[in-house]
Amino acid sequence: MSNRDGNPEIYVANRDGSNVRRLTNHPTADTTCTWSPSGTQIAFISDRTGLPQLYLVGADGLGLQKLPISDSYCDRPTWSPAPYNEIAFAARSGPGFDIKVYDVATKTVHALTFGEGSNESPSWAANGRHLAFASNRAGKYQIFTVGRDGKNVRQITRSGNNAKPDWSK
C-alpha cells in the first residue's frame with residue numbers, strides 16, 4: 001500500500017523495486033493487503049462502501065470484487081498458507097472485534113472468537129493449522145493462539161501490552 005499518488009492504494013512491484021504498478025484506483029483508502037499463497041490475488045481492506053470491507057483483486061489489477069461478507073467493519077486480513085484457501089480477518093462485533101475466517105472456495109465465513117474481549121490482528125502459522133491474535137480478554141492486550149477450527153484457545157503472553165503477532169516462517 002502506498003499513498004504516492006495522494007491516496008492510499010494497492011501497488012505491486014518487482015523484488016528490486018522496479019516496474020511499480022498501481023492495482024486499485026478509488027478516492028477512498030485501499031489498505032492492509034495480503035497475498036494469496038499462489039501469488040495470483042491480493043486481499044485488502046477498502047472503505048469504498050462507507051465502512052472498511054474485504055476485497056480481492058488479481059495481481060494483474062483485474063477481477064476486483066467485494067467479498068460477500070455480512071460484517072459491517074473488517075480489518076487486518078491475512079491469507080492462509082497453501083493448501084488452505086482462507087482469509088482470516090478481524091470483524092467488529094459490538095464494542096470490539098472477533099476473528100473470523102472467509103473460505104474463498106465456498107464463500108462462507110465462520111467465527112473463531114465470540115466476544116471474549118476485543119480480538120484483533122490474526123496471523124496464520126506457517127502450516128495453516130493455527131492462528132495467533134491479540135486480545136484484551138484478560139485485561140491488557142495479550143497474544144493468544146487458536147486452532148483453525150476455533151478450538152484450543154491458548155494464552156501465550158501474560159505481561160505488558162502485546163499486539164500484532166507473527167509466526168516465524
- For the charge dipole of the chain, defined by +1 on Lys and Arg C-beta atoms and -1 on Asp and Glu C-beta atoms about the Cα centroid, which residue among L62, P95, T113 has the Cα displaced farthest towards the positive pole? T113
- Item | Phi to ³J(HN,Hα) by Karplus 6.51 cos²θ - 1.76 cosθ + 1.60 over the range 154-166, Hz, x for Gly, Pro | 10, 7, 9, 9, 9, 9, x, 10, 10, 8, 6, x, 8
- Largest fluctuation, N19, N127, N85 only, Gaussian network model of the chain with Cα springs under 10 angstrom, belongs to N19
- Taking only Cα atoms and a 10 Å spring cutoff, compute GNM fluctuations for the chain and point out the largest among P27, P37, P95. P95
- Message: How would D16, D30, D5, D71 line up from fewest to most surrounding beta-carbon atoms within 10 angstrom?
- Response: D16, D5, D71, D30
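So if I place +1 on the C-beta of Lys and Arg and -1 on the C-beta of Asp and Glu, and nothing else carries charge, what would the dipole magnitude of the range 32-169 be about its Cα centre? I want it in debye, nearest 20.
My answer is approximately 340 debye.
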- Note on the structure: Of all chymotrypsin sites (Phe, Trp or Tyr not before Pro) in the range 100-129, the ones in DSSP coil with at most 15 other Cβ atoms within 10 Å are F114
- Message: Please rank S38, S70, fewest neighbouring Cβ atoms within 10 Å first, as an exposure proxy.
- Response: S70, S38
- Note on the structure: Under a Gaussian network model of the chain whose springs join Cα atoms within less than 10 Å, the largest fluctuation of S18, S123, S135 belongs to S18
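The numbers here are math on the coordinates, done by the rules we state, and not lab data. Everything numeric in this text was worked out from a predicted model, so none of it was measured. Ideal geometry is used to build each Cβ from the backbone, glycine not excepted, and the neighbour counts take in all protein chains shown.
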